[in-house]
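Remarks on the structure that follows.
The values are calculated or read from the model by the stated rules, or taken from the named source; none is laboratory data. All values reported here derive from a predicted model rather than from experimental measurement. Quick reminder, even Gly has a Cβ in these numbers, built from the backbone with ideal geometry, and neighbours come from all protein chains shown. Areas reflect the complete protein model, heavy atoms only, side chains present, ligands, DNA and RNA absent. Shrake-Rupley method; radii C 1.70, N 1.55, O 1.52, S 1.80 Å.
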Amino acid sequence: MIAYVDDILFMGPNKSLIISKKTLFMKQWECRDLGDCKEFLQMRLQWKNGKIYLDQTAYLQKVLQHFGMTSACFAATPLPAGFKPLDNTDPADSTLRLNYQSVIGSLLYITLGTQPDIAYAVTKMSQFAANLLREHLDKALYICRYLAGTADYALVFDGPSNKGLIAYTDFDWAADSIKR
């Protein structure tokens, strides 16, 4: 069972056990059964050939539209190669800060949901949420351009393969001249 405030999701390999647990839960708490889950916390779930596909395409389209990025040119990477953000030593404009924090918040939700490929770029840019330069907002929107080009990406959970979670990472803490 996965619970987030008032959104509950029951899942597992044994359908009769799921139904049993769901029935017990529904006797204890006032709720209704909405059937097979198609969306959870703005993430679409699809089942195909024993695989589960999880994406945030609809949410991403709303984000891109909100920030005027629906017809933006796609970017091949989340941040430009070799980009090194600069610290802002002057007070930041409050309107710019509010807009930036809104972009970063939306990107963080997408990162945590279904796009771990932007995790480094978003967390790097989130370091400037309190005191930013215009360049930081431009790079946050650059991440949106990358997402516009990868809008159809999904996390695929291939249960029948029994391979478990496969992930790759690349990091270089020493290259961070600000927080090294």
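So the values come out like this:
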read-out: Relative contact order, percent, the range 39-180 [alpha-carbon distance under 8 Å, six or more residues apart]; value: 36 percent
read-out: The range 35-89 - charge dipole about Cα centre, Lys and Arg +1 at Cβ, Asp and Glu -1, debye rounded to 20; value: 160 debye
read-out: For the range 17-121: relative contact order, % (alpha-carbon pairs under 8 angstrom, 6 or more apart); value: 21 percent
read-out: C-alpha center-to-center spacing [the range 78-149, the range 29-59] in angstrom; value: 28 Å
read-out: Solvent exposure of the chain as accessible area per residue, Å², 1.4 Å probe; value: 69 Å²
read-out: With 10 Å bins from 0: P(r) over the range 24-179, alpha-carbon pairs, percent; value: 9, 32, 30, 18, 8, 2
read-out: Highest-first arrangement of 93-104, 24-35, 65-76, where packing means the average Cβ count within 10 Å; value: 93-104, 65-76, 24-35
read-out: Extended-chain gain in nm, criterion 0.36 nm per residue less alpha-carbon gap, V5 and T123; value: 39.9 nm
read-out: In range of the label at D36: residues from the range 2-27 whose backbone nitrogen is under 14 Å from the point 7 Å along Cα→Cβ; value: 12, 15
read-out: Of all accessible heavy-atom area on the chain, the percent that carbon and sulfur account for (1.4 Å); value: 56 percent
read-out: Simple Cβ-charge dipole of the chain, Lys/Arg +1 and Asp/Glu -1, about Cα centre, in debye nearest 20; value: 460 debye
